Structure formats: structure tokens, C-alpha cells
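Down below is the structure, laid out as C-alpha cells.
The values are calculated or read from the model by the stated rules, or taken from the named source; none is laboratory data. Fair warning: this is a prediction, and the values are worked out from it, not measured in the lab. Cβ: placed from backbone, ideal geometry, glycine included. Neighbour counts: every protein chain shown. Just the protein is used for accessible areas: all its heavy atoms, side chains included, with ligands, DNA and RNA removed. Shrake-Rupley method; radii C 1.70, N 1.55, O 1.52, S 1.80 Å.
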Amino acid sequence: MAKGNIEAESDTVAIRRGRPRSAEATSAILQSAYTLMATTGLAATSIDAVARHSNVSKMTIYKWWPSREALLIDAFLNHASLMLPLPASGIPAERLRNHAAAYAKALQGEFGKVQLAVISECISNTGSAEIFYERYLGYRRTALIELIAAGQQDGSVGASGKPEDLYDAIYGSLFYRYIFGIKPISPAQARNLVDTLLNIKSR
């Protein structure tokens, strides 16, 4: 992926794979899948249920997604790109701080529950979270790693570690605390975490 691509652009890569599709039908399928995951749970979010909810045929859904897991991940990806966009301009350090704060807040609601459920589904059905990384996390991780690197270049990020290690330290900490129910990290605490790990001194 080219340097400077914003996160929302990265998120759409997985959705654009495969045959050309109707944007309206694609949106209806993805929105229906996420709504069902959030309201009825993953077990009830079958291809049949998504087809009924979106008024799109099962044949169309199977033509565009290789598996139920791929559809669920893309539905989560689509929602994440809308809920947690990465601003396209501004000082990298501030953009990173704001994004981490938004992610910490999102984890405390249905977004966090759906994310954990989708990851669990992938591991349960395939034995690993590889498909989740391939279709969702890899794109977001790359975009934010590039942003950390940009901050190191312009001086707004003082930490000298590898950008990928710094990313993992920030978001791994947030997700770890969410999974194990450790005292929830508030948006303010998430900003402080970014400041500490990335050695950001300016406010």
C-alpha cells in the first residue's frame, strides 16, 4: 500500500475484491450483517438471515463472499471504517492520539463485543485468526504503522522504536485490557498511553 493512504481507503480494499458488484446491494448486505451481529449475535447471523434482512439473494451473497466468516469480517470492517476513520490531515501524533481514544471508547460498546465475537468465530471455525488479519486488521495496522513512521519523520513522535512494535504496544494493550476485563481504559487514558509509548511531549 502506498505511503499516505488513509485508513478508510485501506479498509475498502477487501470489500472491492472479486467481481464488480452493486454498491447499493453491497451496502445493504454489509449493514444487515453488522446489525444482525450486534442485535441477535453471531450464531443467528447466518447467510439466510442476512439475505432476508438485506433483501438480497443468497446466491448473490455467496458469489461475492467465499465464506460466512469473510462476510462477517467485511461487515465489521465496513462499520469500523465509518465509526473509526483516521483523519486525512493534521499532525501525526495528534491523529494517533485521537484514534486510540476513539478505539478505547468503541471497545466499551457493541463494537468491542462484535469484534471479539468475530475473532472468536474465525478461530473456532478455522483454527486461527488469519482470515481476520487478512481481511481486516492488516489494512488498519499498516495505515497506522505508516502514520507512526510519519510522526517519527516530522518529529511529533519522539519514540525511536520500530513503528510496527509501537503500534502493537498501543493497540495490543487496549485490546488485552478489554478481553480480560481489566479496568477499562478511558479515552483520556488511551491518549496518555499514546503519549507515553510514542514519547509525545507537545499537546
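Restricting A33, A23 to those that are more than 23 Å from A190 (Cα to Cα), at pLDDT 95 or above and not charged (D, E, K, R) reduces the list to A33. Within the range 111-124, is even one residue exposed (fewer than 13 other Cβ atoms within 10 Å of the Cβ), modelled with pLDDT under 90 and on the phi < 0 side of the Ramachandran plot? Yes - at least one qualifying residue is present in the range 111-124.
Among the residues of the range 146-163, the ones that are closer than 21 Å to E94 by Cβ, open to solvent by 30 Å² or more (accessible area, probe 1.4 Å) and either out of contact with any Ser or Thr (no Cβ under 8 Å at 6 or more places or on another chain) or in a loop (DSSP other than H, G, I, E, B) (or both) come to 7 in all.
Of all the numbered requirements in (1) part of a helix (DSSP H, G or I); (2) open to solvent by less than 30 Å² (accessible area, probe 1.4 Å); (3) at pLDDT below 95, I185 misses one, and that requirement is (1).
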